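Asks: The structure follows.
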């Protein structure tokens, strides 16, 4: 016969699973009308290939992340020229470029996966389970509509190199809510909005962790934080924590309509 404590543990686990399938709270601001993955049965990917399929297919989905999904070496490596544009110290970022002039050019190798983000499909909800949900070594980019990303971490995108990878991207997206998401150690931007306008976007309760092993200031503070260049983007930012950054917090251009609270 099972002990009372064992039964309680099982029940607690079921409660946690049920809670993980439900989006917490509701988006405010421009993204308030986002409706997530609808009534789709929640799925939990077992490995990164399955996760990529769930994120990119045409089906409305609620996707639960219950572990770290590590893409770091999944697509191999590539080599090229990098420039020491901000110094040659051990804490200085380098930039991936074809030519460097006199800026100490060198040939180095980085991971391919981080340089190409996953294009998230329409009608997706991505939810972290407890504190376990994470995507490492690859970013997410929204080009469609009706997407929620909540309670996950996106991190470690060729952190040593500018142009190594962005954590969260938007390019012509509509109705997206990013909430309680931690971004850490990207190569370039924590959040980047492309030239195609993105409408009805809410970024809330996120933690932008700029603490860096490598940085353009060679001082442990990440420079590229938010780049918003879309023509007439509509973005609400509420209650986001920005830690140890040195610039672009945010950088606005292109007629962006930004509500920041």
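Asks: Of the DSSP beta bridges with both residues in the chain, give the percent that are antiparallel, rounding to the nearest 5.
Replies: 15
Asks: Right, here's the next one. Work out the FRET efficiency for residue 28 and residue 231 from their Cβ-Cβ distance, taking R0 = 30 Å, and round it to the nearest 0.05.
Replies: According to the calculation, E is roughly 0.80.
Asks: For the stretch 173-261, give the share of DSSP beta bridges that are antiparallel, in percent and rounded to the nearest 5; count only bridges with both residues there.
Replies: Once the DSSP bridges in the stretch 173-261 are tallied, antiparallel ones form about 5 percent.
Asks: While we're on this one: Which percent of Cα pairs goes in each bin when the distances of the stretch 196-258 are cut into 10 angstrom slices starting at zero?
Replies: Per 10 Å bin, starting at 0, the Cα pair percentages come out as 23, 44, 28, 5.
Asks: If you don't mind, there's one more thing I want to ask. Please determine, in degrees from 0 to 90 and to the nearest 10, the orientation of helix 4-20 with respect to the longest principal axis defined by the Cα atoms of the chain, where the helix direction is its Cα long axis.
Replies: 60
Asks: Expressed as a fraction of 2.2 N^0.38 Å, the rule-of-thumb size for a compact globular protein of N residues, what is the C-alpha radius of gyration of the stretch 61-185?
Replies: Taking the Cα Rg and dividing by 2.2 N^0.38 Å, one obtains 1.18.
Asks: Against the 2.2 N^0.38 Å scaling, with N counting residues, where does the stretch 83-144 land? I'd like the Cα-based Rg ratio to two decimal places.
Replies: In units of the globular-protein estimate, the stretch 83-144 measures up at 1.63.
Asks: Calculate, in nm to one decimal, what residue 70 and residue 252 gain on full extension: separation in residues at 0.36 nm each, minus their alpha carbon distance.
Replies: Full extension of this stretch gives 62.3 nm more.
Asks: For the chain, what's the relative contact order in percent, using C-alpha pairs closer than 8 Å and at least 6 residues apart?
Replies: Relative contact order here is 16 percent.
Asks: By count of other Cβ within 10 Å, fewest leading, how are 35, 202 ordered?
Replies: Ordered from fewest to most neighbouring Cβ atoms within 10 Å, 35, 202 come out as 35, 202.
Asks: Please give the contour-minus-distance gain from residue 35 to residue 207: 0.36 nm per residue of separation, less the Cα-Cα distance, rounded to one decimal in nm.
Replies: 59.6 nm
Asks: Out of 121, 241, 164, any idea which swings most in a Gaussian network model of the chain, alpha carbons joined below 10 Å?
Replies: Judging by the Gaussian network model, the answer is 241.
Asks: Mind checking which of 25, 134, 113 has the largest fluctuation in a GNM of the chain, springs on alpha carbons under 10 Å?
Replies: Looking only at 25, 134, 113, the biggest GNM fluctuation is shown by 25.
Asks: For the chain, just the Cα atoms, rotate onto the principal axes and tell me the three extents in Å, largest first.
Replies: 72, 45, 32 Å, listed from the longest principal axis down.
Each reported figure results from applying straightforward, stated rules to the coordinates on display, with no laboratory input. Note that this is a predicted model, so its numbers are computed, not measured. Every residue, glycine as well, gets a Cβ built from its backbone with ideal geometry; the counts of neighbours run over all protein chains shown.
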